[in-house]
1. How many residues are crowded, with 18+ Cβ neighbours inside 10 Å and in contact (Cβ under 8 Å) with a residue 60 or more places away in the chain when one looks only at the stretch 131-148?
2. Could you please find all residues in the stretch 174-197 being assigned to a helix (DSSP H, G or I) and touching a residue at least 40 places away in the same chain (Cβ under 8 Å)?
3. If you go through the stretch 68-99 one residue at a time, how many are more than 24 Å from the chain's Cα centre (by Cα) and among the aliphatic types (A, V, I, L, M)?
4. What are the residues in the stretch 161-176 that are farther than 17 Å from Ile139 by Cβ and open to solvent by 50 Å² or more (accessible area, probe 1.4 Å), if any?
5. In this structure, is Val82 in contact with a Lys or Arg (Cβ under 7 Å, 6 or more places away or on another chain) and either without any contact (Cβ under 8 Å) to a residue 60 or more places away in the chain or closer than 19 Å to Val146 by Cβ (or both)?
6. List, please: which pairs have Cβ atoms under 7 Å, are six or more places apart or on different chains, and start with a residue in the stretch 112-130 that is farther than 13 Å from Arg155 by Cα and end with one that is part of a helix (DSSP H, G or I) and open to solvent by 50 Å² or more (accessible area, probe 1.4 Å)?
7. Quick one: what pairs do we get from the stretch 228-245, first residue part of a helix (DSSP H, G or I), second modelled with pLDDT of 85 or more and of a type in the set (Ser, Thr, Tyr), C-beta under 6 Å, 6+ apart or different chains?
8. Return the residue satisfying two criteria in turn: it lies in the stretch 100-130 and is buried (at least 16 other Cβ atoms within 10 Å of the Cβ) and over 18 Å from the mean Cα position of the chain (by Cα), and of such residues it is nearest to Asp55 (Cα to Cα).
Amino acid sequence: MIKWVAALIGFFIRGIVGAVLGFFVGSLLDGLGGSSKSSRSVFQDFTRQSVSPADFELNLLSLCSIIIKADGQVSQRELDYVRQYFLSTYGKEKANAIFRTFNEVIKKREVSAQRICTYMVQRTRYEVRLQLLHFLFGIAQADGQVSQAETSKLREIAGYLRVGMHDFESIMAMFIKSADNAYKILEIERSATDEEVKKAYRTMAKKYHPDRVVTEDKAIQKGAEEKFKEVQKAYETIQKERGMS
């Protein structure tokens, strides 16, 4: 609505040129003032790009290498986890091709988490980045535990990916166990009412539903399915604990 009013005002002030300018400015204001579903600005609509599968795979592998080296030692279990994940997702021929290309790339330039994440933020949806972080946590846990150094590096990467703190804590709770894990996964406190628990579950189930992860990358799609199951499991744990129906 604002864009049409602005266009009309612009027309009376500067004619056709003013109308076009007014419409553009009004579109920006409409984007900023709309609901969460339609709050993307005109700039976002024009600059949002989709990352090609090849670039995504190489950037994903680059982040994997950063996590594997995070605690100062290269774990064979973590290496095997990454290799097996790529083999099962892409097939032997394509996975080996990805590894070869990756080895050639890292010989020519240093792997920068900030640069990679900035690239991903500009070209992927928030839901995809959540699953990416989930996958990286899986690598860190492959050797049996997520070290403090790995947690710090994952927190740093989450910041570069612009993942919110509540979402980061929710994902971390799936890998670092504690008494309140189920509540952390649903992003609520243990003191929450049954109705608040149900509402949180609906919100999280919607946020992490695999259908919301729009990407051609099978590894990330698989991660979305795993995280969705964790959300369901957390809810079932709280239901059982409280005797909820």
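1. 10
2. Initially, the stretch 174-197 is screened for residues assigned to a helix (DSSP H, G or I), giving 181-185, 194-197.
Within the stretch 174-197, Asn181, Ala182, Tyr183, Ile185, Asp194, Val197 qualify.
3. 2
4. Arg162, Met165, His166, Glu169
5. Numbers: in contact with a Lys or Arg (Cβ under 7 Å, 6 or more places away or on another chain): no; either without any contact (Cβ under 8 Å) to a residue 60 or more places away in the chain or closer than 19 Å to Val146 by Cβ (or both): yes.
It is false that Val82 is in contact with a Lys or Arg (Cβ under 7 Å, 6 or more places away or on another chain) and either without any contact (Cβ under 8 Å) to a residue 60 or more places away in the chain or closer than 19 Å to Val146 by Cβ (or both).
6. Thr118/Tyr160; Glu127/Arg212
7. Tyr235/Tyr201
8. Only one residue tops the list, namely Phe102.
The values are calculated or read from the model by the stated rules, or taken from the named source; none is laboratory data. Only a predicted model underlies this, so the values are computations on that prediction, with no experimental measurement involved. No Cβ is skipped: glycine too gets one built from the backbone with ideal geometry, and neighbour counts run over all protein chains shown. Just so you know, the surface numbers come from the protein's heavy atoms only, side chains and all, with ligands and any DNA or RNA stripped out. Shrake-Rupley method; radii C 1.70, N 1.55, O 1.52, S 1.80 Å.
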